[in-house]
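The values are calculated or read from the model by the stated rules, or taken from the named source; none is laboratory data. Just so you know, these numbers come straight off a predicted model, no measurement behind them. Note: ideal-geometry Cβ built from the backbone for every residue, glycine included; neighbour counts use all protein chains shown. Just the protein is used for accessible areas: all its heavy atoms, side chains included, with ligands, DNA and RNA removed. Shrake-Rupley method; radii C 1.70, N 1.55, O 1.52, S 1.80 Å.
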Amino acid sequence: MLEIKNLHASVGGKEILKGLDLRIGEGEIHALMGRNGAGKSTLSAILTGNPAYTVTEGTITFRGKDLLSMSPEDRAREGIFLSFQYPVEIPGVSMVNFMKTAVNEKRKYQGLEPLSASEFLKLKREKEALVEIGSKMQNRSVNEGFSGGEKKKNEVFQMAMLDPCLAILDETDSGLDVDALRIVAEGFNKIRKDKAAAEACGQPATSAIVITHYERLLEYIRPDFVHVLYNGKIVRTGDAQLARDIDEKGFDWIENEADNAGK
Amino acid sequence: MRILDINNTDQQLTLEAGQEEHFLLLDPQHVKLRIQQQEGSRLMLHCISLAPAESGTCELIVEQQAEGCETRLYGLALLKGEQKFDLVTRVLHNVGGGYSNQLFKFVLDDEAQGSFYGELKVLPDAQKTEAHQTNRNILLSRSAKIQTKPQLEIYADDVKCSHGATTGQLDSTALFYMQQRGISLASARRLLLAAFLGDVLQGLPEETTAQLEQQIDAAL
Ligand SMILES: Nc1ncnc2c1ncn2[C@@H]1O[C@H](COP(=O)(O)OP(=O)(O)O)[C@@H](O)[C@H]1O
Ligand SMILES: [Mg+2]
């Protein structure tokens, strides 16, 4: 699905990623952990083509294509979805208009006819029910005046509408209370296609990068791999147990080991 | 609503006591319009410049000459290429108890140049006046230019007045957010600009609004 090789990237003239390698297979869930400022959001910005971030070295292949040569919108249409750490408020642009444009531009890219108003409404209702988001939210401007929890639910709703094959959840759990966290995580689990569901509809199984500080989210969204980002690289990879260890002992021991190995 | 077709002219109009008028001024070129308002009259005027000639000027002068008048002036200008458009408003509150609201927005691309000069005068006798003026502009290119000059002269003390002027670019974080959802950069810009301009069309009949929205979308 995704292969990142020797990725170096900078923002504001500062090198943040310094030779990162990561390989994500179809249907796999990868958790990405690391301290504040480690560069987790930088990686999601690079994967989605945020123009404020620069790749200085390395390659990224996504489903056989050179990702770095694609525009941000084409990456999205190819199936990459980012649930933003900080969803953006867009006053004056209604959620409905925003989503209709997004869905239909993706369909056009895929060579499909645009959805009619009623088809769109039907899809929207179906997905609202799936992720337990109120349709009242959908009558407002994009994220405008939404609470932190509403914004995160809205990200998951948008993901449901766009049906990606690679989802990046950037701290989708931060600032959520226990109930909101459960709704968001269960929403994600309902959207994602496992191997069986994928085979049934002839599409790839959903892969995900779940960026989080907390083991809590990973009790709902169970990772196949857990990675720790430090000094611009992935310094340790393990299974779900690694997240539990980090929850208990913090990052120090991993970072110390990485420092010692580098000496 | 009445469309005023008055290019290349000076015109003078009076709203009699209690009269209500709504004017639409489309693509004004060299227009000077002076409107006098009598007691309790209500004026709404939309000045929409979507396909202006190479250079245009428009001066709107409104005098509230008796009590209890309402004045609403709304306008937008989309300029590109080497287009130039200068807009002047002069709103005068001679007597008290009046209300005025001005909202003007410019979107400028390429080498276009625009200016907004907004004079708002509240004379000493015009107590209990409420007057607002807002000018917001978006520059789509580095070489587009806008000059904005609010000129407020408030001589009465028991009044409620406000003014604001801002010039900026399209919000790049919002553009990227939309692109990340698969919306092309061009569509994202159009959505943001339509949102930016939307409130200028308030008060127009539904049909006219829909028509103008289409024309705006085509012009962007
Ligand atoms: N726009 C920016 N300009 C300059 N520095 C930035 C910018 N965005 C992030 N950084 C810096 O890059 C580093 C990595 O940030 P980020 O990827 O957001 O970390 P994380 O998501 O792991 O908390 C931090 O030191 C942060 O201060
Ligand atoms: Mg982050």
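Tell me, which strands (runs of 3 or more DSSP E) lie completely within region A:146-263 with 2 or more residues that are free of Cβ contacts under 8 Å to residues at least 60 places away in the same chain and open to solvent by 50 Å² or more (accessible area, probe 1.4 Å)?
Filter on region A:146-263 gives A:233-238.
Please work out which one of (1) over 20 Å from A:Thr206 (Cα atoms); (2) part of a loop (DSSP other than H, G, I, E, B) is the condition A:Glu26 fails and give its number.
(1)
Any idea which of (1) within 16 Å of ligand 2 (Cβ to nearest atom); (2) on the phi < 0 side of the Ramachandran plot; (3) open to solvent by less than 20 Å² (accessible area, probe 1.4 Å) is the one A:Arg35 doesn't satisfy?
(3)
Restricting to region A:43-88, what's the tally of residues that are more than 14 Å from chain B (Cβ to nearest Cβ) and either more than 16 Å from ligand 2 (Cβ to nearest atom) or free of Cβ contacts under 8 Å to residues at least 60 places away in the same chain (or both)?
Qualifying residue count for the region: 15.
Per-residue answers, yes or no, for (1) in contact with a Leu (Cβ under 8 Å, 6 or more places away or on another chain); (2) in a helix (DSSP H, G or I):
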{"site": "B:Lys149", "(1), (2)": "no, no"}
{"site": "B:Ala156", "(1), (2)": "yes, no"}
{"site": "B:Cys161", "(1), (2)": "yes, no"}
{"site": "B:Ala165", "(1), (2)": "no, no"}
{"site": "B:Ala174", "(1), (2)": "yes, yes"}
{"site": "B:Tyr177", "(1), (2)": "no, yes"}
{"site": "B:Arg190", "(1), (2)": "yes, yes"}
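Given the conditions (1) assigned to a strand (DSSP E or B); (2) open to solvent by 10 Å² or more (accessible area, probe 1.4 Å); (3) closer than 24 Å to B:Leu212 by Cβ, which single one is not true for B:Asp10?
Answer for B:Asp10: the failing condition is (3).
Do we find a residue being under 23 Å from A:Thr172 (Cβ atoms) and among the polar types (S, T, N, Q) anywhere in region A:61-72?
no
How many of the residues making up region A:89-141 are touching a residue at least 60 places away in the same chain (Cβ under 8 Å) and within 14 Å of chain B (Cβ to nearest Cβ)?
2
Could you please give the count of residues in region A:52-69 that are closer than 12 Å to A:Leu22 by Cβ and either at pLDDT below 95 or part of a helix (DSSP H, G or I) (or both)?
0
If I filter region A:43-63 down to residues being open to solvent by less than 60 Å² (accessible area, probe 1.4 Å) and closer than 17 Å to A:Lys5 by Cβ, which single residue comes out as farthest from ligand 1 (Cβ to nearest atom)?
A:Thr61
In region A:73-87, how many residues are within 16 Å of ligand 1 (Cβ to nearest atom) and open to solvent by less than 20 Å² (accessible area, probe 1.4 Å)?
3
Scan region B:32-44 and give yes if some residue there is part of a strand (DSSP E or B) and under 15 Å from B:Lys105 (Cα atoms), otherwise no.
no
Only one of (1) out of contact with any Gly (no Cβ under 8 Å at 6 or more places or on another chain); (2) touching a residue at least 12 places away in the same chain (Cβ under 8 Å) is not met by B:Glu206, so which one is it?
(2)
When the residues of region A:14-42 are narrowed to those that are more than 13 Å from ligand 1 (Cβ to nearest atom) and acidic (Asp, Glu), which ends up farthest from the other protein chains (Cβ to nearest Cβ)?
Ranking the candidates gives A:Asp21 first.
Just name the residue that is modelled with the highest pLDDT out of those in region A:1-13 that are open to solvent by 40 Å² or more (accessible area, probe 1.4 Å) and within 14 Å of ligand 1 (Cβ to nearest atom).
Among those residues, the one meeting the criterion is A:Val11.
State whether the residues of region B:190-210 include one that is within 7 Å of chain A (Cβ to nearest Cβ), over 19 Å from the mean Cα position of the chain (by Cα) and open to solvent by less than 10 Å² (accessible area, probe 1.4 Å).
No, because not a single residue in region B:190-210 is within 7 Å of chain A (Cβ to nearest Cβ), over 19 Å from the mean Cα position of the chain (by Cα) and open to solvent by less than 10 Å² (accessible area, probe 1.4 Å).
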